[in-house]
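Enquirer: I have a structure here, written as structure tokens, and I will follow up with some questions on it.
Where a number appears in this text, it was derived from the coordinates with a stated rule and is not lab data. In this text, all values refer to a predicted model and were calculated from it rather than measured experimentally. Here the Cβ is made from the backbone with ideal geometry for all residues, glycine too, and neighbour counts use every protein chain on show.
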Amino acid sequence: MRSKVYFISLNENDPADSACLKLKRLLKESGLFDFVPAGVSAAVKLHFGEEGNTGFVKPHFLKTINHALKEKGALPFLSDTNTLYRGRRTNSIDHKALAYEHGFTENATGAKVVIPDDHDKDCAKNVEINGKIFKQVSVARIYVEAPVLVGVAHFKGHIMTGFGGALKNIGMGSATRKGKLAQHSLLAPVVNLANCTGCAACRDVCPVEAITIVNKKSVVNGAKCIGCASCIAVCKFFAMDVNWGAGADLIQEKMVEHALGVLKNKKKSSVFINFATKITKECDCLAKDDPRVCPDIGIFASVDPVSVDKACLDSVIKKCGRDIFKELHPQRDGLKQLRHAVSLGLGSLDYELVSYEK
């Protein structure tokens, strides 16, 4: 049976109010929120955008989504997890401050921003998945235990996965720092010796004493490292980093298996909304105004994260007349994430596009 993907067009010239009316119509006529029970919390998972980035889904759209959830009696909150890399989104305090600066205040969106604290062990949850690569994944508890999950993603390119949409938003975006490190590398961080000052902050924060100082430089014992990434967060000199090249061929499957950790018990309580607007070469983690590589297309929504991503990909290829993501990232096959998600039972590549055009 084909999954339904609901669509309404948008373009960069649409005023905010008319664009929100389109989104409101999509949510109402699709009935995607009809399952939402009154009185429960609804985690709205999104990316608030790195400092200087402009591609993220704008606050007025989140206000429309939150209003639709409130009409069902739900209690929505906006959320994302902290990052591995250095920037304004590495810790919960700065991450929330940046979200406010980008307009995601409670007054503007109708919902509070909640960023799980990486230092609080209760914020993480290990989920058994019995996947191809992982038997267990570390994800943020807040998404696993939320009665309703709404994934709001900006559909765009990505250096490691070809493109990013619903699956990336949940798979990478809902993982703990430990889960992110497991996806992006072969677990242990690497030391940039040129930047390392031997200050020992990484050694002091390591919970398993996997870091020592040798000749005034940090040395990581990969056999002892548990992948918590605390050293990356504490280093002020950018000396601790992820081995981005290691395991790059498997990163999409790792990402999808973390998505499974969040979604395995949420097939009837989750919705995915992709914004194929300001489609860029790279993700919203880049602290710059990345230019469009494809004209705006519109909003896609479904209860199937695979189908909604496939519909977006097909539409981008059709709009550009070629696979622009493959052209921009020739070493990446973005379909790999979709195929692995299908093998794990997360959705279908076969979909029916239901368009709400006049």
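Enquirer: Among the helices of the chain (complete DSSP H runs), which have Cα atoms covering no less than 20 Å along the helix axis and a Kyte-Doolittle mean of at least 0.0?
Expert: Correct list, ordered by number: 305-320.
Enquirer: Another one. Give the cross-link partners of K63 among the lysines, using a straight C-alpha distance below 16 Å as the criterion and excluding same-chain residues fewer than 8 apart.
Expert: Within the straight-line cut-off, K63 pairs with K22, K24, K28, K45, K72, K112.
Enquirer: Show the residues, 5+ positions off or on another chain, whose built amide H is closer than 5 Å to the amide H of M240.
Expert: N192
Enquirer: Further question on the same structure: Please give the residues of segment 223-243, grouped as numeric ranges, whose backbone N is less than 19 Å from a label point set 7 Å along the Cα-to-Cβ vector of I213.
Expert: 230-241, by backbone N distance to the label point.
Enquirer: Only Lys, Arg, Asp and Glu count, each charged at its Cβ (+1, +1, -1, -1), so figure out the dipole size of segment 186-241 about its Cα centre, rounded to 20 debye.
Expert: Its charge dipole is roughly 120 debye.
Enquirer: Between the alpha-carbon centers of segment 124-155 and segment 43-70, tell me the distance in whole angstrom.
Expert: First find each Cα centre; the distance between them is then 20 Å.
Enquirer: By the scheme Lys and Arg +1, Asp and Glu -1, what is the net charge of all other residues having a beta-carbon under 10 Å from that of I317?
Expert: +2
Enquirer: Now for a different question. Residue by residue through segment 34-43, what is 3J(HN,Hα) from phi via Karplus (6.51 cos²θ - 1.76 cosθ + 1.60, θ = phi - 60°)? Round to whole Hz and write x for glycine and proline.
Expert: My calculation for segment 34-43 gives 5, 6, 5, x, 6, x, 9, 7, 10, 7 Hz in order.
Enquirer: Now, a different point. Scan around I279 for amide H atoms under 5 Å from its own, H built in the peptide plane at 1.01 Å from N, and keep only partners 5 or more places away or cross-chain.
Expert: Hits under the 5 Å cutoff: V293, C294.
Enquirer: A further question on this structure: For the chain, what's the relative contact order in percent, using C-alpha pairs closer than 8 Å and at least 6 residues apart?
Expert: 24 percent
Enquirer: Quick one: work out Rg over Rh on the C-alpha atoms of the chain, Rh as Kirkwood radius.
Expert: 0.96
Enquirer: Taking the Cβ of each residue in L263, L193, L21, L26 as the centre, tally the other Cβ atoms inside 10 Å and list the residues starting with the fewest.
Expert: Details: L263 29, L193 11, L21 14, L26 23.
The order, fewest Cβ neighbours first, is L193, L21, L26, L263.
Enquirer: To continue, here is another question. For the chain, modelled as a Gaussian network with Cα springs under 10 Å, which listed residue fluctuates most, I232, I324, I93?
Expert: For the chain, modelled as a Gaussian network with Cα springs under 10 Å, the answer is I93.
Enquirer: So which of K125/K281; K178/K310; K132/K168; K278/K336 end up more than 26 Å apart by C-alpha?
Expert: Exceeds cut-off: K125/K281; K178/K310.
Enquirer: Cut-off under 15 Å on the C-alpha distance; same-chain residues fewer than 8 positions from K264 excluded. Which aspartates and glutamates are left, in chain and number order?
Expert: Hits, sequence-local ones excluded: E128, E145, D304.
Enquirer: Which of D296, D314 has the fewest other C-beta atoms within 10 Å, and how do the rest follow up to the most?
Expert: Sorted ascending by nearby Cβ count, the order is D314, D296.
Enquirer: Taking the chain as a Gaussian network, where each spring joins two C-alpha atoms under 10 Å apart, which residue of F104, F155, F134 fluctuates the most?
Expert: Judging by the Gaussian network model, the answer is F134.
Enquirer: Continuing with the same structure: For segment 292-302, take each phi angle, set θ = phi - 60°, evaluate the Karplus expression 6.51 cos²θ - 1.76 cosθ + 1.60, and give the result in whole Hz per residue in order, putting x for glycine and proline.
Expert: 5, 10, 8, x, 4, 10, x, 10, 10, 8, 6
Enquirer: Related question: Which percent of Cα-Cα pairs in segment 186-241 sits in each 10 Å bin, short to long?
Expert: Once binned at 10 Å, the Cα pair distances of segment 186-241 give 29, 63, 9.
Enquirer: Here is a follow-up. Give the residue from A223, P189, C199 lying farthest towards the positive end of the charge dipole for segment 186-241; charges sit on Cβ (+1 for Lys and Arg, -1 for Asp and Glu) and the dipole is referred to the Cα centre.
Expert: The one lying farthest along the dipole's positive direction is C199.
Enquirer: For the chain, set up a GNM with springs between Cα atoms under 10 Å and report which of A276, A68, A311 has the largest fluctuation.
Expert: Ranking A276, A68, A311 by mean-square fluctuation puts A68 first.
Enquirer: Residue by residue through segment 140-148, which ³J(HN,Hα) values in whole Hz follow from phi under the Karplus form 6.51 cos²θ - 1.76 cosθ + 1.60 (θ = phi - 60°), with glycine and proline marked x?
Expert: Couplings: 6, 4, 4, 7, 5, 8, 5, x, 10 Hz.
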